[in-house]
Amino acid sequence: MSEGEIIYLDHAAATPLVPEAAAAMADAYRDAPGNPSAMGRWGRAAARVLRQARERLAHVVGVHPDRLLFTSGGTESIGLAVLGSLQGRAGGHVITSALEHPAVLGSVRMLEQRGFEVTRVPPERTGVVDPSRFAAAARSDTVLACLMHVNNELGTIQPLEAALAGVKERAPRCLTVVDAVQSLTRLALEPDRWSADLVALSGHKIGGPRGVGALITAKRRPEKLFGGGDQEWGVRPGTQNVPGVVGFAAAADHGEQTRPQRAARASEVADAFLKELAERVPGAQVNGAAEARMPWILNVSVAGLPSEALVRGMEEHGVCVSAGAACHARSQKPSHVLESIGVASHLGTVRVSFGASNTPDHARRAVEALALTLQRYALP
């Protein structure tokens, strides 16, 4: 490895901008510099480019363009879905899982402060929520249910169709929210088959720009959370980030077109990592059931060093990984996801997440970096 070379294995936190998105954004900055709400020539040009990007992304996710709202990212999309859907209500019952991203859990805590009762369904030790258990939590007064598609720390795929259909059977008027930030362009998105009313997406997880996301809506849109103009059907006020939206749509289109090849490569890279891990670090524990895990994310726990030391040690050996969700990367608190599946608190954990540029050799060198870090720093 040459001096300064870094193997980037933290794609679940953010992905490098793909050339297709960069080129599309450059064109938008050049050709559509106006405000899409303005009446003049450049405003009309920006509105046309925005409409085309909305249609492009809608085609990728398989919904009508009118069902897409653009936001500043996954967190805002989730907040708008959870809080905006219950705007003006004083109480009711909400279901979520203990595996959810902090964006969901934080919004749900805000609902509790407003008088809502919340049931947090724990996952199985496999990292998967039992759909029957999730559905059984529904009551006649359940107004909202939130369940993610792919867990951002474990990579485990949640049984959305069974879980959300079960909730709808018990509480037909309940709105359902899905965090699909980690699954867009990696797995098929099927909101209608899932019985999902609201689905949150993000651009920078798929090779798009930071600071842009989207919310797929059903017949009922959320209420706006703050004042302003009537952009995005009056639900999300503020001038749209036209170049960002264009880059997001281009990245999604490219990602969906290349999904089979990227999935095959991810499986190859993950297999190489797991094979090398078994040979070089035989005591390592891979969290999340293999049969329910997509290959892009692997979560590994080892004894001897805390998570922060593992991450720093691997970076010293030229490999960039994380200890979990990027939004809590500087927190010293144990991961709520690992706690929920019973991972021992004394173990250190790294999340290794692959992208299109990674190779089996990168995977093997990552394991080497982990082994060398343990060899050098681990306590006896």
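The values are calculated or read from the model by the stated rules, or taken from the named source; none is laboratory data. Please read all numbers here as calculations on a predicted model, not as lab measurements. Cβ coordinates were reconstructed from backbone atoms using ideal geometry, including for glycine residues, and neighbour counts include every protein chain displayed.
Table for the structure above
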read-out: Condition broken by Arg173, with the remaining ones in (1) in contact with a Ser or Thr (Cβ under 9 Å, 6 or more places away or on another chain); (2) not in a loop (DSSP other than H, G, I, E, B) satisfied; value: (2)
read-out: Which numbered condition Val167 fails, given (1) free of Cβ contacts under 8 Å to residues at least 60 places away in the same chain; (2) more than 26 Å from Gln261 (Cα to Cα); (3) of a type in the set (A, V, I, L, M); value: (1)
read-out: Scope the range 211-239; condition among the polar types (S, T, N, Q) and either out of contact with any helix residue (DSSP H, G or I) (no Cβ under 6 Å at 6 or more places or on another chain) or not assigned by TED's automatic domain parsing to the domain that holds Gly79 (or both); matching residues; value: Gln231, Thr239
read-out: Members of the range 170-212 found to be of a type in the set (Gly, Ala, Ser) and in contact (Cβ under 8 Å) with a residue 60 or more places away in the chain, listed by number; value: Ser183, Ala200, Ser202, Gly203, Gly207, Gly208, Gly211
read-out: Test for Gly238: is it without any contact (Cβ under 8 Å) to a residue 12 or more places away in the chain and closer than 24 Å to Ala24 by Cβ; value: yes
read-out: From Ala12, Ala21, residue being in a loop (DSSP other than H, G, I, E, B) and surrounded by 21 or more Cβ atoms within 10 Å (Cβ to Cβ); value: Ala12
read-out: Single condition Ser267 does not satisfy, out of (1) under 29 Å from Asp130 (Cα atoms); (2) surrounded by 16 or more Cβ atoms within 10 Å (Cβ to Cβ); (3) touching a Pro at 6+ places or on another chain (Cβ under 6 Å); value: (2)
read-out: Matching residues, the range 272-309, being of a type in the set (Lys, Arg) and crowded, with 21+ Cβ neighbours inside 10 Å; value: Arg293
read-out: Number of positions in the range 152-166 that are buried (at least 24 other Cβ atoms within 10 Å of the Cβ) and over 19 Å from Asn299 (Cβ atoms); value: 3
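Residue by residue, here is whether (1) surrounded by 19 or more Cβ atoms within 10 Å (Cβ to Cβ); (2) more than 24 Å from Thr349 (Cα to Cα) holds:
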site: Ala145; (1), (2): yes, yes
site: Val150; (1), (2): yes, no
site: Thr185; (1), (2): yes, yes
site: Ala188; (1), (2): no, yes
site: Val212; (1), (2): yes, yes
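Yes or no, residue by residue, for (1) acidic (Asp, Glu); (2) more than 18 Å from Gln182 (Cα to Cα); (3) in the same structural domain as Val367 (by TED's automatic domain parsing):
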| residue | (1), (2), (3) |
| --- | --- |
| Ala249 | no, no, no |
| Glu268 | yes, yes, yes |
| Lys275 | no, yes, yes |
| Ala278 | no, yes, yes |
| Gly288 | no, no, yes |
| Asn299 | no, no, yes |
| Leu305 | no, yes, yes |
| Glu308 | yes, yes, yes |
| Arg312 | no, yes, yes |
